[in-house]
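Asks: Mind having a look at this structure? Questions to follow.
The values are calculated or read from the model by the stated rules, or taken from the named source; none is laboratory data. Because the structure is predicted, anything quoted here is derived from the model rather than measured. Note that each Cβ is placed from the backbone with ideal geometry, even for glycine, and that neighbours are counted across all protein chains shown.
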Amino acid sequence: MSEPYVMLEEEGRTPPPQDGLLCWLTRPRLPSETVCWHRFFGVLQLALIALLFLSGLLMAFSYTPVPGTAYDSVDYFQFSLPFGDIVRGVHHYAWNSLLIVMGLHLLRAFVVGAYKPPRHPVWLSGLLFLLLMPLFIITGDLLPWDQKGYWSTQVRFSIISSIPGLGDFMVQMLRGGGLTGIVTLTRFYVLHVLLLPAVLLGILALHLCLLARHGLSPPMDGQAPARPPIPLLPSGLNRFLLLLLAAMIALAAAAYFHPAPLGDPADPSDTSFVPRPEWWVLFLNQLVSIFKGPFTVVGSAVIPGGLILLLAALPWLDRSPDRRPSRRIGVLAAALVVLIAITVLSVMGYIEHFVRPEH
């Protein structure tokens with residue numbers, strides 16, 4: 001939109017109608033508060049997702065979803081093709097970074113009370129996005145067909161099977177038989193590159209539509225933003241592309257100095273191999289190790305599922321209209337207890353699997 005039309009809008013007068021694709025593209029406006037540091041994590045998530053899609057697409061050109069050959073194709077891509085190690089490293093570090101950014105984004109929304117009506121649909125759609133990301137990691141771990149990916153999948157199948165009623169059915173649907181083989185790898189590949197990305201794009205579209213409808217949570221002091229809104233094109237797009245470039249450079253540098261790990265080829269007969277859990281699942285792994293035998297389901301499903309349900313029900317559990325943290329001490333204290341418990345369990349898991357693995 002040209003400058004005279006912007007001035008008319010700021011003065012409260014209605015500008016004359018404009019037609020054409022260019023006008024339609026340049027009309028949307030971003031609130032000026034979207035550029036503040038504590039709202040930065042949402043846009044960074046989009047940048048990391050874009051890098052995951054791009055790097056995954058490049059790797060898919062060389063990948064073969066067949067046991068044995070899958071490992072060779074990943075090995076060839078990473079160590080023989082130009083910049084293959086950088087591309088796979090960007091993919092590896094992007095999802096690790098995405099988990100951290102998602103956690104910070106969720107924490108920020110919780111602290112400022114962004115889950116309260118009328119923005120609770122935005123909160124719920126964000127939780128759907130949060131729940132979908134581990135499925136990407138679980139399905140992607142098996143694709144290189146190395147020892148860690150293969151045996152980590154076996155551990156996850158064992159945990160899933162402990163869920164009463166649906167556990168065995170879910171394992172059969174994922175595995176496709178009694179053994180983890182070509183059918184399992186094919187199903188995980190289809191889930192990872194086709195089905196889950198389609199669901200992710202749908203959830204992102206829903207989340208952004210709800211965000212556009214209900215708006216960002218206003219400042220807690222009730223004051224209107226002092227700066228005028230930012231046009232989506234070209235200003236908003238340019239800032240996003242700059243962030244995307246910065247994230248790509250940072251992840252590429254990490255991949256250059258610390259290449260993405262690739263272990264030995266998977267050996268289903270090597271039952272002595274014990275995979276170490278990823279950092280993001282250490283607390284869940286520790287829960288499963290605490291509740292053993294018939295109580296395994298408590299650590300694998302009851303406690304994690306209960307936490308998810310509490311997050312989903314939070315807009316109705318915390319009915320106070322006040323969003324200021326000083327007026328929500330009880331809710332914040334409960335969240336702090338949960339965070340401390342997750343941290344303690346993660347530290348325990350780290351000590352058990354990385355510091356003293358022989359014990």
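Asks: With the requirement that a residue be of a type in the set (Phe, Trp, Tyr) and surrounded by 14 or more Cβ atoms within 10 Å (Cβ to Cβ), what does region 331-359 give you?
Replies: Tyr350
Asks: Residue check, Leu166 against (1) in contact (Cβ under 8 Å) with a residue 12 or more places away in the chain; (2) surrounded by fewer than 17 Cβ atoms within 10 Å (Cβ to Cβ), all met but one. Which one?
Replies: (1)
Asks: Specify the residue that is nearest to the chain's Cα centre (by Cα); the eligible residues are those in region 278-330 that are surrounded by 15 or more Cβ atoms within 10 Å (Cβ to Cβ) and over 27 Å from Ile163 (Cα atoms).
Replies: The residue in question is Pro315.
Asks: Scan region 343-352 and give yes if some residue there is of a type in the set (D, E, K, R), touching a helix residue (DSSP H, G or I) at 6+ places or on another chain (Cβ under 9 Å) and not in a loop (DSSP other than H, G, I, E, B), otherwise no.
Replies: Yes, because at least one residue in region 343-352 is of a type in the set (D, E, K, R), touching a helix residue (DSSP H, G or I) at 6+ places or on another chain (Cβ under 9 Å) and not in a loop (DSSP other than H, G, I, E, B).
Asks: Can you tell me which residue among Thr180, Thr271 is surrounded by 13 or more Cβ atoms within 10 Å (Cβ to Cβ) and not basic (Lys, Arg)?
Replies: Thr180
Asks: Further question on the same structure: Quick check on this structure: which one of Leu196, Leu200, Leu191 is surrounded by 17 or more Cβ atoms within 10 Å (Cβ to Cβ), at pLDDT 95 or above, assigned to a helix (DSSP H, G or I) and in contact with a Phe, Trp or Tyr (Cβ under 7 Å, 6 or more places away or on another chain)?
Replies: Result of the check over Leu196, Leu200, Leu191: Leu196.
Asks: Pull up region 27-63, narrow it to residues that are β-branched (Val, Ile, Thr) and modelled with pLDDT under 95, then point me to the one that is nearest to Leu216 (Cα to Cα).
Replies: The extreme case among them is Thr34.
Asks: Oh, and also: Give all pairs with beta carbons closer than 8 Å in which a residue from region 261-280 that is within 25 Å of Val347 (Cα to Cα) and touching a residue at least 12 places away in the same chain (Cβ under 8 Å) meets a residue that is of a type in the set (Phe, Trp, Tyr) and not in a loop (DSSP other than H, G, I, E, B); count only pairs at least 6 apart in sequence or on separate chains.
Replies: The qualifying pairs are Phe273/Trp151; Val274/Trp151; Pro275/Trp151; Arg276/Phe354; Trp279/Tyr350.
Asks: Now, a different point. Which residues, taken from region 80-102, are among the aromatic types (Phe, Trp, Tyr) and on the phi < 0 side of the Ramachandran plot?
Replies: Tyr93, Trp95
Asks: Something else now. Here are the criteria: (1) without any contact (Cβ under 8 Å) to a residue 40 or more places away in the chain; (2) in a helix (DSSP H, G or I). Tell me which single one Tyr71 does not satisfy.
Replies: Here Tyr71 clears every test but (1).
Asks: Scanning for something in a loop (DSSP other than H, G, I, E, B), surrounded by fewer than 19 Cβ atoms within 10 Å (Cβ to Cβ) and without any contact (Cβ under 8 Å) to a residue 40 or more places away in the chain, does region 82-93 turn up at least one residue?
Replies: Yes, the conditions are met somewhere in region 82-93.
Asks: Let me ask something else about it. Based on what the data block shows, is Gly236 part of a helix (DSSP H, G or I) and either under 26 Å from the mean Cα position of the chain (by Cα) or farther than 30 Å from Thr69 by Cα (or both)?
Replies: Criteria met by Gly236.
Asks: Another question, if that's okay. For the subset of region 205-229 comprising residues that are among the hydrophobic types (A, V, I, L, M, F, W, C) and surrounded by fewer than 16 Cβ atoms within 10 Å (Cβ to Cβ), which member is modelled with the highest pLDDT?
Replies: Among those that are among the hydrophobic types (A, V, I, L, M, F, W, C) and surrounded by fewer than 16 Cβ atoms within 10 Å (Cβ to Cβ), it is Ala205.
Residue-by-condition table, conditions (1) surrounded by 20 or more Cβ atoms within 10 Å (Cβ to Cβ); (2) part of a helix (DSSP H, G or I); (3) touching a residue at least 60 places away in the same chain (Cβ under 8 Å); (4) at negative phi:
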| position | (1), (2), (3), (4) |
| --- | --- |
| Ser62 | no, no, no, yes |
| Val66 | no, no, yes, yes |
| Gln78 | yes, yes, yes, yes |
| Leu104 | no, yes, yes, yes |
| Phe110 | no, yes, yes, yes |
| Gly113 | yes, no, yes, no |
| Leu128 | no, yes, yes, yes |
| Pro144 | yes, no, yes, yes |
